[in-house]
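Engineer: The structure under discussion is supplied below as structure tokens; questions concerning it will follow.
The values are calculated or read from the model by the stated rules, or taken from the named source; none is laboratory data. Being a predicted model, the structure only gives us computed values, none of them experimental. Glycine also receives a Cβ, built like all others from the backbone with ideal geometry; neighbour counts cover every protein chain displayed. All accessible areas refer to the heavy atoms of the entire protein, side chains included, with ligands and DNA or RNA removed. Shrake-Rupley method; radii C 1.70, N 1.55, O 1.52, S 1.80 Å.
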Amino acid sequence: KYPSILELEDRHDVDMGHAYRTSDSAKSFTTFIATCQRNDFLGKLKGCHFYSVLMDGTTDLGNKEEEIVALVYCNKNEVAQEMTSCTRYWSVHSPEKCDANGLLICVGASLELLGVKSILDRDSVLGVDEMPVLIGASSDGASVNVAEHNGVRGQMQHALPWLFWSWCFSHRLELACKDSFVSATF
């Protein structure tokens, strides 16, 4: 899609110059931007004490399952003397299998980027230097996620007993709206 983006920018009279008109230079430029943004975010996250993980599955155009992982943390503004809750998209992974173990591998792979060696190892989650502690997780209400014993929730809470688990509020709101439209008479 990069050539079509350049063409669009040319139509808008944006001077892109010649340096970034090749695929290799675009890849290099994009990788640099992503690395800078990730390092900036990791710096912010190191200033926090705790974070939570949000996960949701989606399918791409080829009906391939993708697991999206976002992080929720509190950002402290020293000047304004206030805390704000922030959510940041973190990663996307393709599970080999869409069972609890496959999804745990995806979440674990995304937390490896934070230095967590194993999502189900208490010492690994607690032992990351200068990083906050994982205290919560949230997903949709699919049984593969919320099952108490063999689901993602059950396995994570067994390994990390302090973990707070919630059923995604957006999904719950969506289901409530769906139910109200079904029962409403027009």
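Engineer: Does Thr58 satisfy the criteria of being at pLDDT 80 or above, open to solvent by less than 90 Å² (accessible area, probe 1.4 Å) and among the polar types (S, T, N, Q)?
Structural biologist: no
Engineer: Please tell me if Val79 is surrounded by fewer than 10 Cβ atoms within 10 Å (Cβ to Cβ) and of a type in the set (Val, Ile, Thr).
Structural biologist: yes
Engineer: Among the residues of region 165-186, what is the count of those that are more than 17 Å from the chain's Cα centre (by Cα) and either modelled with pLDDT of 90 or more or within 21 Å of Glu67 (Cα to Cα) (or both)?
Structural biologist: Number satisfying all stated conditions: 4.
Engineer: Looking only at region 144-186, which residues are surrounded by 16 or more Cβ atoms within 10 Å (Cβ to Cβ) and in a loop (DSSP other than H, G, I, E, B)?
Structural biologist: Correct list: Gly151, Leu160, Leu163, Cys168.
Engineer: Here's a follow-up. Could you check Lys117 against (1) basic (Lys, Arg); (2) in a helix (DSSP H, G or I); (3) within 19 Å of Met55 (Cα to Cα) and say which number it fails?
Structural biologist: So the condition that Lys117 fails would be (2).
Engineer: Let me ask another. How do the pairs read when you match residues in region 125-145 that are without any contact (Cβ under 8 Å) to a residue 40 or more places away in the chain with residues anywhere that are among the acidic types (Asp, Glu) and surrounded by fewer than 16 Cβ atoms within 10 Å (Cβ to Cβ), using Cβ under 9 Å and keeping only pairs 6 or more apart or on different chains?
Structural biologist: Qualifying pairs under 9 Å: Gly127/Asp121.
Engineer: Here's another thing I want to ask about it. Looking only at region 44-92, which residues are over 16 Å from the mean Cα position of the chain (by Cα) and aliphatic (A, V, I, L, M)?
Structural biologist: Leu61, Val79, Ala80, Met83
Engineer: Further question: Within region 136-143, is even one residue part of a strand (DSSP E or B), aliphatic (A, V, I, L, M) and surrounded by 16 or more Cβ atoms within 10 Å (Cβ to Cβ)?
Structural biologist: yes
Engineer: Sticking with this one: Are there strands (runs of 3 or more DSSP E) fully within region 38-103 with at least 1 residues that are in contact (Cβ under 8 Å) with a residue 40 or more places away in the chain and closer than 16 Å to Asp140 by Cα? List them.
Structural biologist: By residue number, 50-59, 65-77.
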